[in-house]
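Undergrad: Quick one: this structure, given as C-alpha cells, is what I'll be asking you about.
The values are calculated or read from the model by the stated rules, or taken from the named source; none is laboratory data. None of the values given here were measured: they were computed from a predicted structure. Cβ placement follows ideal geometry from the backbone for every residue including glycine, while neighbour counts extend to all protein chains displayed.
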Amino acid sequence: MITFHQNKQIVHITNQTISYVMEVVDGTYLAHRYFGKAIRAYRGAGAPIYFKRSYNTEHDLSIPHVSFDDFPFEYPVRGNGDFRIPALAVTQESGITHICPAFKRWSCQQGKPEITGLPAVFAEKKEEAETLEIVCEDAIAGVRIYLYYTIFDEMGIILRHQKIENIGTQTVKLQNVQSASLELPAQQYDFLSLYGSHTKEANCERFSVHHGVQRIESVRGSSSPQHHPFVALLSPKTDETSGDVYAMHLVYSGNFLAQAEVDQFGSVRVQVGLHPDTFGWQLKPGETFETPEAVLNYSAEGLNGMSHNFHWLYHNHLLPRQFARKPRPVLLNSWEAMYYDVSLDKIEHQAELAKQIGIELFVLDDGWFRSGNTSHTSMGDWECNENKIPGGIEKAAEIIHDKGMQFGLWFEPEAITADTKLYQQHPDWVLHIPGYEPVKGRHEYLLDLSQQEVRDYLVLMLDRYIQKGSIDYIKWDMNRPLTDVNSMALECSRKDEISHRYVLGLYDVLSRITGKHPHVLIEGCSSGGARFDPGMLYYVAQNWTSDNTDAYERTQIQSGYSMLYPPISMGAHVSITPNHQTGRVISLDTRYQIARLFNLGYELDLDLCTPKERETIAAQIAEHKSMRKWLQDGRFYRHTVPNDNYVMWSIVSRNKEECLVVILQKLHNLLRSHGQFRLLGLNPQCDYRDAERGEVYGGDELMRLGLAIPLIKEDFHAFTFHFMKAEDT
Ligand code: DGJ
C-alpha cells in the first residue's frame, strides 16, 4: 500500500511487514524518513530536528538551521553542501559537474515495471505489487531522474532502480548512477558482506562500522567471488534469529560498488550500484539510461529472516518461472571423472552406470571440443572433436537419450583461444587494446559482447545445438575476469561504457536463448561461484556454487550463499574421496548429507565406486527423489549451534509437516558439552515423529529443548533427522 500524507509531502510505502517513508521538504528536497518494521499509519513521528552548528553550509529552507551536510537525502549528489558519498554524478558538455535535482511529482501504479535490457524481479499478477514513481529534475543540467520503489503485498522487500533522462539540448555524461542510497539513523551497526576467492567463495565477514567509508567492490568485469554485490548493516547483537538487518543486493553480474559511510554525526548512508570507476554513459538529448535493480531487505528476525525474504523473492519472482517449482533432475557431471580427457567410450560406460543408479541428467563438461586434453586450445569454434567423440555431440546425445536420461553440455560462450578459426577471421571480436597483447586468463581471451555481430554468432551457435534436439541443459561457464576492456566497435567518447555494455550484451544473448528455448535448463557457472548473482539467476535456474566439492569446505560455502539464495538454486555435488581439491577423506554418507538440501548432483567416476557404493548412491538418489518436492519448496534455516565444531541446517516444508535436519560434526571432540540443537520453524502445536528412530516429540519441545547429539567417534560425521507430522496430531 502506498499512501500520501500532509498535503502530499510525505509518502508511506507499507505491506504490514515493513514501512518505507519519504518526505519532500519545501516542495523541492526529497528526504528519507524511515525504513524498517511496519507502522500502521505514519503521522509524522521521527521528524529530524536541526540546530545551528558553526561553520556549516547554510540553506534557505523553511526549517531553521538545515545544513545539507547532514540532511537525509534520498538520492544524494555532490556539490550542494552534502559531502558524503553521492548517488549521482553527471558531467555536462561544458565540463560542469554540478547537478541539483528538485522534486517534481510522484505517482503510483499497480504491478512492477520491467527494466530495459536488464534482469529484474517480476510480479506475475499486477495485484501482488505496487510501484511508486518519483520524478526529480534539474532543468539547467537537462537531467530528469525517475526513482522507482516497488513493494510486494508480503515480505520485507523494497525494490529500487533509477531511470535518467536527458531533457536538455546538450549531450551529458553519466559518471555515477547508484541503484539505491539509504539513510539509517545514527546508531552502532555491524557491516556484513561476503568475500572469497576461487574454491573459497561466500565467506561471511562482519565488523563494526566506523567513521568514514567502508566499501566492497568488483572491478573484475563480473560480480566476482572476491566480494559479492551484497551488503547488510546489522544491529550489533543480531544473530540468526533476532536483530535488525538492513540489506542491499544488486541484481547485476558486472562491476559493482557497495559502501556505507558513517558521517561526522554518526548517521549512516548505504549504497549499492554500478562501480563508478569503470562506468560512464553518454546520454544524448531525449535518451534514457536505466540502472540495475537493488533489492532492499529489512528483517527484524535476524539473518534467517533476511535470508527468507531473499529466498522468497528469488524463488517466486526472479528464477525462470518454468523451473522455479519444477523438481530439478539429479545429474551426473563428467568434470571430476574425466576432466578434458573425454571419449565416447567413457561417456557410454558412465552413462550406463548412471542409468542404473537413477541419474536423470548426464552432463558432458569441458573437453569435448578440445584438440588435446588441456584448456589451451579450441575455444570458440564449438566443433566437437570427433577423435574423442566419433559421431559428434549428436551421437553422445543419442546414447544418453536412449538410456532415458537428459543430456547436458558445457560451453564457455564468452571465451576464445587464439588457435581458432573464429579468432583468425575476427580478431576484432576480442576485447583488446590496439598495440597491446591482450592479457590471457586460462589461456583465453574474451569476446566483446558489446558487439551485435558477436552476440548474433553466439545465439546462432547455441541455437544450432538446441535445434538439433541434442541438448536439454547447458552449463554456461565463464572462467576469467575482464581485462583489456576495449571494444573496436565503440566510438572514443563511449569507451567507458564497455564494462556495462559487456554485461548488457551477455543479458541479451541469455534472454534470446531462454526466450526461444524456455525448456532448456541452464546452469550458470564461473569457475564455480565467480558470477553467482541475482542478475544471472533471472536467466539460469541454478548456479554451480564452487569448484571446491569437499563436503567440509562446502558447509561454509553453502552457508554463505544461503544468506541470499534459495537452496534449489545452488548446485551441490557428491564427489570422490579423497577429495580432488583438498585430499580430505569424508564418508559417502556425509558427502550426500551436505549436498542433499541443495540442488543434488554427482561428480565422480562411477567406475571408481564399488558395487556396494553404487548401491548406496542409488538409495540416496531414490530417497532424494521421494523428498525433493517439499525440500525444494521448503524454508531453509541456518542454526546457531553450541560451538563451531558443528554446522546445522534444516528445511521445513511449507505446510510444516516435514522437517529434515543435517548436523555436521567437524571433528570428534572429547571435550564436547552436551549441546542442544534446537529446531526452528516447526508448528509448536503439532507432534512430530522421528522417521528413523520412531520417537514422537512436540514441535514446541523440539524448538525449545532440541536434540542431544549422540556420541560418534568420527570426524566429519553428519547426523540427519527427518521429522514427519505424527498421524494423530
Ligand atoms: C570451471 C567450472 O567451475 C568447472 O566445474 C568445470 O566446468 C571447468 N570450469 C571446466 O573447464
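Undergrad: Please specify each residue of region 35-58 satisfying the condition of being out of contact with any Phe, Trp or Tyr (no Cβ under 7 Å at 6 or more places or on another chain) and buried (at least 19 other Cβ atoms within 10 Å of the Cβ).
TA: Within region 35-58, the subset out of contact with any Phe, Trp or Tyr (no Cβ under 7 Å at 6 or more places or on another chain) is 37-45, 47-56, 58.
The answer is TYR42, and nothing else.
Undergrad: What's the number of the condition ALA718 fails, among (1) in contact with a helix residue (DSSP H, G or I) (Cβ under 8 Å, 6 or more places away or on another chain); (2) without any contact (Cβ under 8 Å) to a residue 24 or more places away in the chain?
TA: For ALA718, the failing item is (2).
Undergrad: Only one residue in ILE416, ILE399 is more than 12 Å from the ligand (Cβ to nearest atom) and surrounded by fewer than 21 Cβ atoms within 10 Å (Cβ to Cβ). Which one?
TA: Numbers: ILE416 fails: surrounded by fewer than 21 Cβ atoms within 10 Å (Cβ to Cβ).
After ruling out the rest, the residue left standing is ILE399.
Undergrad: Next question. Residues being over 30 Å from GLU491 (Cα atoms) and without any contact (Cβ under 8 Å) to a residue 60 or more places away in the chain: count how many of those fall in region 398-419.
TA: The initial filter retains those residues of region 398-419 that are over 30 Å from GLU491 (Cα atoms), namely 398-411.
Pick out the ones that are also without any contact (Cβ under 8 Å) to a residue 60 or more places away in the chain and you get 398-405.
Number of matching residues: 8.
Undergrad: Quick check, is PRO438 in contact with a Phe, Trp or Tyr (Cβ under 6 Å, 6 or more places away or on another chain), within 24 Å of LEU458 (Cβ to Cβ) and surrounded by fewer than 18 Cβ atoms within 10 Å (Cβ to Cβ)?
TA: Numbers: in contact with a Phe, Trp or Tyr (Cβ under 6 Å, 6 or more places away or on another chain): yes; within 24 Å of LEU458 (Cβ to Cβ): yes; surrounded by fewer than 18 Cβ atoms within 10 Å (Cβ to Cβ): yes.
So PRO438 passes the test.
Undergrad: Let me ask you something else. Within the group GLY111, GLY168, GLY156, which residue is touching a Pro at 6+ places or on another chain (Cβ under 7 Å) and of a type outside the set (Ser, Thr, Tyr)? Spell out how you get there, then give the answer.
TA: Values: GLY111 fails: touching a Pro at 6+ places or on another chain (Cβ under 7 Å); GLY156 fails: touching a Pro at 6+ places or on another chain (Cβ under 7 Å).
Being touching a Pro at 6+ places or on another chain (Cβ under 7 Å) and of a type outside the set (Ser, Thr, Tyr) holds for just one of GLY111, GLY168, GLY156, which is GLY168.
Undergrad: Give the residues of region 520-536 that are part of a loop (DSSP other than H, G, I, E, B) and not hydrophobic (A, V, I, L, M, F, W, C), sorted by residue number. Let's see the steps before the verdict.
TA: From region 520-536, those part of a loop (DSSP other than H, G, I, E, B) are 520, 525, 527-528, 530-533; that's our starting set.
SER527, GLY528, ARG531, ASP533, listed by residue number.
Undergrad: Is it the case that some residue within region 470-493 is part of a helix (DSSP H, G or I) and more than 16 Å from the ligand (Cβ to nearest atom)?
TA: Step one: of region 470-493, the residues part of a helix (DSSP H, G or I) are 492-493.
Applying the additional criterion that residues be more than 16 Å from the ligand (Cβ to nearest atom) yields 492-493.
Within region 470-493 (the criterion being part of a helix (DSSP H, G or I) and more than 16 Å from the ligand (Cβ to nearest atom)), the answer is yes, since at least one residue qualifies.
Undergrad: Considering only region 268-354, give the helices (runs of 4 or more DSSP H) lying wholly within it that have at least 3 residues that are crowded, with 17+ Cβ neighbours inside 10 Å and either within 16 Å of the ligand (Cβ to nearest atom) or within 23 Å of the chain's Cα centre (by Cα) (or both). Outline the logic, then answer.
TA: Numbers: elements: 302-317, 321-324, 335-338.
In region 268-354, the matching helices (runs of 4 or more DSSP H) lie at 302-317, 335-338.
Undergrad: Still on this model: Out of all the residues in region 118-133, is one or more more than 23 Å from ASN297 (Cα to Cα), among the hydrophobic types (A, V, I, L, M, F, W, C), in contact with a Gly (Cβ under 9 Å, 6 or more places away or on another chain) and not in a helix (DSSP H, G or I)? Write out each step before concluding.
TA: If we filter region 118-133 for residues that are more than 23 Å from ASN297 (Cα to Cα), which is where we start, we get none.
For region 118-133, residues more than 23 Å from ASN297 (Cα to Cα), among the hydrophobic types (A, V, I, L, M, F, W, C), in contact with a Gly (Cβ under 9 Å, 6 or more places away or on another chain) and not in a helix (DSSP H, G or I): absent.
Undergrad: Same structure, new question: Tell me, please, whether a residue that is assigned to a loop (DSSP other than H, G, I, E, B), closer than 20 Å to PRO225 by Cβ and among the charged types (D, E, K, R) can be found in region 537-559. Break it down into steps so the answer makes sense when it comes.
TA: Taking region 537-559 as the starting set, the residues that turn out to be assigned to a loop (DSSP other than H, G, I, E, B) are 538-541, 545-550.
From the residues that got through so far, the ones that are closer than 20 Å to PRO225 by Cβ too are 538-540, 545-550.
Cutting the leftovers down to among the charged types (D, E, K, R) gives us 547, 550.
Within region 537-559, one or more residues are assigned to a loop (DSSP other than H, G, I, E, B), closer than 20 Å to PRO225 by Cβ and among the charged types (D, E, K, R).
Undergrad: Whether any residue in region 73-85 is in a helix (DSSP H, G or I) and within 18 Å of ILE145 (Cβ to Cβ) is what I want to check. Before the answer, list the steps.
TA: Just the residues of region 73-85 that are in a helix (DSSP H, G or I), to begin with: none.
No - not one qualifying residue is present in region 73-85.
Undergrad: So, in region 358-382, how many residues would count as being closer than 15 Å to LEU331 by Cβ, in a loop (DSSP other than H, G, I, E, B) and more than 14 Å from the ligand (Cβ to nearest atom)? Full working, then the answer.
TA: Initial filter on region 358-382 (closer than 15 Å to LEU331 by Cβ): 358-365.
From what's left, in a loop (DSSP other than H, G, I, E, B): 358-360, 365.
Keeping just the survivors that are more than 14 Å from the ligand (Cβ to nearest atom) gives 358-360.
Total meeting the criteria: 3.
Undergrad: Only one of LEU680, LEU664, LEU702 is within 30 Å of the chain's Cα centre (by Cα), modelled with pLDDT of 95 or more, hydrophobic (A, V, I, L, M, F, W, C) and under 18 Å from THR241 (Cα atoms); which?
TA: None of the others qualify; the one that does is LEU680.
Undergrad: Here is a list: SER527, SER499. Which entry is within 16 Å of the ligand (Cβ to nearest atom), more than 21 Å from PRO327 (Cα to Cα) and touching a residue at least 60 places away in the same chain (Cβ under 8 Å)?
TA: Working: SER499 fails: within 16 Å of the ligand (Cβ to nearest atom).
On inspection, the qualifying residue turns out to be SER527.
Undergrad: Another question, if that's okay. Just to be sure I understand, how many residues within region 502-526 are more than 17 Å from LEU460 (Cα to Cα) and surrounded by fewer than 22 Cβ atoms within 10 Å (Cβ to Cβ)? Walk me through how you get there before you give the answer.
TA: First, the residues of region 502-526 that are more than 17 Å from LEU460 (Cα to Cα): 502-504, 519, 521, 523-526.
Still in the running and surrounded by fewer than 22 Cβ atoms within 10 Å (Cβ to Cβ): 504, 519.
The total comes to 2.
Undergrad: Select, from ILE594, ILE586, the only residue that is aliphatic (A, V, I, L, M) and not in a helix (DSSP H, G or I). Spell out the reasoning first.
TA: Working: ILE594 fails: not in a helix (DSSP H, G or I).
Answer to the check: ILE586.
Undergrad: Cβ-Cβ under 8 Å, sequence separation 6+ or interchain: first residue in region 329-352 and farther than 26 Å from GLN632 by Cα, partner within 11 Å of the ligand (Cβ to nearest atom) and in a strand (DSSP E or B). Which pairs?
TA: ALA337/GLU603; VAL342/LEU364; ILE347/LEU364
Undergrad: Could you please find all residues in region 651-661 being surrounded by 22 or more Cβ atoms within 10 Å (Cβ to Cβ) and farther than 18 Å from VAL696 by Cα?
TA: ILE651
Undergrad: Separate question: Return yes or no: is LEU422 touching a residue at least 12 places away in the same chain (Cβ under 8 Å) and within 16 Å of the ligand (Cβ to nearest atom)?
TA: Numbers: touching a residue at least 12 places away in the same chain (Cβ under 8 Å): yes; within 16 Å of the ligand (Cβ to nearest atom): no.
In short, no.
Undergrad: State whether one or more residues within region 622-644 are over 23 Å from the mean Cα position of the chain (by Cα), in contact (Cβ under 8 Å) with a residue 24 or more places away in the chain and surrounded by 23 or more Cβ atoms within 10 Å (Cβ to Cβ).
TA: no
Undergrad: In addition: Check THR514, THR549, THR545 and return the single one that is at pLDDT 95 or above, over 10 Å from the mean Cα position of the chain (by Cα), β-branched (Val, Ile, Thr) and more than 10 Å from the ligand (Cβ to nearest atom).
TA: On the way: THR549 fails: more than 10 Å from the ligand (Cβ to nearest atom); THR545 fails: more than 10 Å from the ligand (Cβ to nearest atom).
Exactly one of THR514, THR549, THR545 is at pLDDT 95 or above, over 10 Å from the mean Cα position of the chain (by Cα), β-branched (Val, Ile, Thr) and more than 10 Å from the ligand (Cβ to nearest atom), namely THR514.
Undergrad: So, one more: Any residue at all in region 105-113 that's surrounded by 17 or more Cβ atoms within 10 Å (Cβ to Cβ) and not in a strand (DSSP E or B)?
TA: Going through region 105-113, the residues surrounded by 17 or more Cβ atoms within 10 Å (Cβ to Cβ) turn out to be 106, 112-113.
Subset that is not in a strand (DSSP E or B): 112-113.
Yes, region 105-113 contains at least one residue that is surrounded by 17 or more Cβ atoms within 10 Å (Cβ to Cβ) and not in a strand (DSSP E or B).
Undergrad: Of these, TYR561, TYR538, TYR602, which one is aromatic (Phe, Trp, Tyr) and more than 16 Å from the ligand (Cβ to nearest atom)? Talk me through it step by step, then tell me what you get.
TA: Numbers: TYR561 fails: more than 16 Å from the ligand (Cβ to nearest atom); TYR602 fails: more than 16 Å from the ligand (Cβ to nearest atom).
It is TYR538.
Undergrad: Oh, and also: List pairs: first in region 437-458 and under 16 Å from ASP419 (Cα atoms) and away from the ligand (no atom under 16 Å from the Cβ), second at pLDDT 95 or above and in a helix (DSSP H, G or I), Cβ under 6 Å, 6+ apart or cross-chain?
TA: Going by the 6 Å Cβ cut-off, the qualifying pairs are LEU447/TRP429; LEU447/VAL454.
Undergrad: If you go through region 185-219 one residue at a time, how many are closer than 20 Å to GLU293 by Cα and either in a loop (DSSP other than H, G, I, E, B) or over 17 Å from the mean Cα position of the chain (by Cα) (or both)?
TA: 2
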